[in-house]
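This report concerns only the one structure given below.
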Amino acid sequence: MRRRDFLSTLALGAGIVLPLGRGAWAAMDDPAGEGAGATRRKLVVVMLRGAVDGLNVVAPVGDENYLRLRPTIGLGAPGMDGGALDLDGYFGLHPALASLQPLWREKKLAFVHASGSPDATRSHFDAQDYMESATPGLKATPDGWMNRLVGALPGASTPSRLLGIGPVMPRILSGQAAAINLPNGAGGTKADILDRPAIGAAFDALYANHPRFGRAYADGRSAHKEVLEAAAETPHMLAADRGAPLPNGFPDDAARLATLMRNDARIQMAFVALGGWDTHASQGAATGQLANRLAPLGQGLAVLAERLGPLFDDTVVVVMSEFGRTARENGNGGTDHGHGNVMWVMGGKVNGGKVVGEWEGVGDAALNEGRDLPVTTDFRAVLAQIAERHLRLDDKRLVRVFPALPQAGTGFQLMSA
C-alpha cells in the first residue's frame, strides 16, 4: 500500500482527518499554549443543513399575517392546544424545543431573527459553502472561517484545538490549521488498529522522519490519543444534508462532546452538522416532520449546556442554517427555499432572554421578493461580535477571519462584557 493510500485509510479508521494542504502539519508545539489559559473560552457551532424553517422555530405568532400565510402549518398562540411557547408576547418558540426554556428564562439563550447570508442564492450547496467560508458570493475562498479563527487566536495550534463531529471533514474546518474530525456516535472515541502496540510502533517508525507526511501522521496519532484519554474518564458513552446525519443521535453526540471538552482543556472549538431540515412537504405544525427534528436538537443543546457544567460559563454555542424558508406554505403542506432565517446563540455570558435583530414583520410588503424574510442582519456580523467580545479577537485579526466584514455591525450586544 502506498503511503498516500495508507494515510487516507488511517484518517477513516481512526476517525481523525487532518488537512494535507501546505502548512497543515506545521502546527506549533508550544506547551504554554496548550493549557486552559489560551483555550479557556470555547465556541461550538451547530449547522442545520437543509435550511431549517426559522419562522416556525421562533414564530411571529403576534403578527396577524403569520397564520394567514400558514393556515395548516403555523403554530397557535401560547396557551392554545399545540401553541407556541411564549418568548416575549410577540414571538413564540416551537413547542418541540421546550427543553430550551430553562436557558431562555436564565437569559442564556437569544435569537437573531431575519439573519443570514446577503447572497441571494437558494442553492443548498452554494449557500452552505458561503456560510462556512464566510465569504458570500465568493467560491474561490480556500479555507473555512473556523480554521482561520483558530489560526488567529493566541496559543499553540494543537491538533485537538479544532474539532468536528460528522462523516467527513467539513468546509468550515478546512485550511492551514490542523483539525480533528470524529465520526458521529461512540465510534469516534474507540481504539483502532494503530492502538495495538506492535502495529503502532511499526508505523511510527515508518513515518517518523518522512519529509511530507511525518508531521501529519504524528499530529493524527497525538490527536487520537488525546481523544481516547479524554473519553476514558466516562465509563459508558451512548452511542440537501451533504452527509450530515439526522438530529436523532445528537443528544448522545452532545454528551460526548461535553465530556471531551471538559476532560481536555485543549479543545477550544467544535463543529457539528445535522441534516433533515429541507421540509418541502408534510412539514407539520406543533407535531410532524419538523417537530420530530427539533425535539432531539433541543434536547442535545440542553444536554450540552448541562454536561459542560461550569465550563458553559465560558462557552458560546451558535446554531445556524444556510437560509430560511418561504413565509407562505406551499401546496404540499411544506415550505420552499427562502432567504432570511434565525440564528440561535446560547452560553453563560450571552445577553439572552430576547429576540434581537431588525424585524420588519411578515406582511406582504415586508417580505423579500414577496415570498420570504429579508436578511437584515448579516450572519458574519453576529459571528464577528462573538469572536471579538467572547474570544477577544482584535480588529486586525478579525478582518483576517471575516474578510469584507460589513461595517454596519448588528445594532445589539449579544455578549456581556
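The values are calculated or read from the model by the stated rules, or taken from the named source; none is laboratory data. In this text the structure is predicted, and so the values were computed from the model without any measurement. All Cβ positions, glycine included, derive from the backbone under ideal geometry; neighbour counts span all protein chains shown.
Scanning the stretch 304-323 for residues that are over 18 Å from LYS107 (Cβ atoms), aliphatic (A, V, I, L, M) and buried (at least 21 other Cβ atoms within 10 Å of the Cβ) yields a single hit, MET320.
Here's the yes/no breakdown for (1) of a type in the set (A, V, I, L, M); (2) modelled with pLDDT of 95 or more; (3) touching a Pro at 6+ places or on another chain (Cβ under 7 Å):
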{"site": "HIS124", "(1), (2), (3)": "no, yes, no"}
{"site": "MET131", "(1), (2), (3)": "yes, yes, no"}
{"site": "GLY137", "(1), (2), (3)": "no, yes, no"}
{"site": "MET146", "(1), (2), (3)": "yes, yes, no"}
{"site": "PRO159", "(1), (2), (3)": "no, no, no"}
{"site": "GLY166", "(1), (2), (3)": "no, no, no"}
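Here is a check on your reading of the model: is ASN341 polar (S, T, N, Q) and farther than 30 Å from ILE180 by Cβ? No; evaluated as a whole, the condition is false for this residue.
Residue-level analysis places THR326 among those that are hydroxyl-bearing (Ser, Thr, Tyr), buried (at least 19 other Cβ atoms within 10 Å of the Cβ) and modelled with pLDDT of 95 or more.
When the helices (runs of 4 or more DSSP H) confined to the stretch 48-135 are screened for residues that are within 26 Å of GLY409 (Cβ to Cβ), those reaching at least 3 such residues are found at 54-57, 124-133. Entry remark, the stretch 369-406: residues being of a type in the set (Asp, Glu) and under 29 Å from TYR66 (Cα atoms) number 3 in total.
Residues in the stretch 177-186 that are part of a loop (DSSP other than H, G, I, E, B) and crowded, with 24+ Cβ neighbours inside 10 Å: ALA177, ALA178, ALA179.
Within the set SER115, SER160, SER174, SER99, the sole residue that is over 26 Å from GLY249 (Cβ atoms) and either crowded, with 18+ Cβ neighbours inside 10 Å or touching a strand residue (DSSP E or B) at 6+ places or on another chain (Cβ under 9 Å) (or both) turns out to be SER115. For the stretch 304-346, the set of residues classified as farther than 22 Å from ARG49 by Cα and part of a strand (DSSP E or B) consists of THR315 only.
Conditions (1) touching a Phe, Trp or Tyr at 6+ places or on another chain (Cβ under 9 Å); (2) at pLDDT 95 or above; (3) more than 26 Å from MET131 (Cα to Cα); (4) not small (Gly, Ala, Ser), marked per residue:
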{"residue": "GLY50", "(1), (2), (3), (4)": "yes, yes, no, no"}
{"residue": "GLU64", "(1), (2), (3), (4)": "no, yes, yes, yes"}
{"residue": "ARG68", "(1), (2), (3), (4)": "no, yes, yes, yes"}
{"residue": "GLY83", "(1), (2), (3), (4)": "no, yes, yes, no"}
{"residue": "PRO102", "(1), (2), (3), (4)": "no, yes, yes, yes"}
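Do we find a residue being surrounded by fewer than 24 Cβ atoms within 10 Å (Cβ to Cβ), of a type in the set (A, V, I, L, M, F, W, C) and modelled with pLDDT of 70 or more anywhere in the stretch 217-224? The answer is no; no qualifying residue exists.
Exactly one residue among VAL399, VAL382, VAL355 is aliphatic (A, V, I, L, M), outside any loop (DSSP other than H, G, I, E, B) and over 26 Å from LEU138 (Cα atoms), and that residue is VAL355. Taken across the stretch 357-380, residues that are of a type in the set (Lys, Arg) and either at positive phi or out of contact with any strand residue (DSSP E or B) (no Cβ under 8 Å at 6 or more places or on another chain) (or both) do occur, with at least one present. Selection of the stretch 275-303 for residues being in contact with an Asp or Glu (Cβ under 8 Å, 6 or more places away or on another chain) and not in a loop (DSSP other than H, G, I, E, B) yields LEU290, GLY300. Report yes if some residue within the stretch 387-394 is among the acidic types (Asp, Glu), surrounded by fewer than 22 Cβ atoms within 10 Å (Cβ to Cβ), more than 23 Å from GLY137 (Cα to Cα) and touching a Leu at 6+ places or on another chain (Cβ under 7 Å); otherwise report no. Yes, the stretch 387-394 has at least one match.
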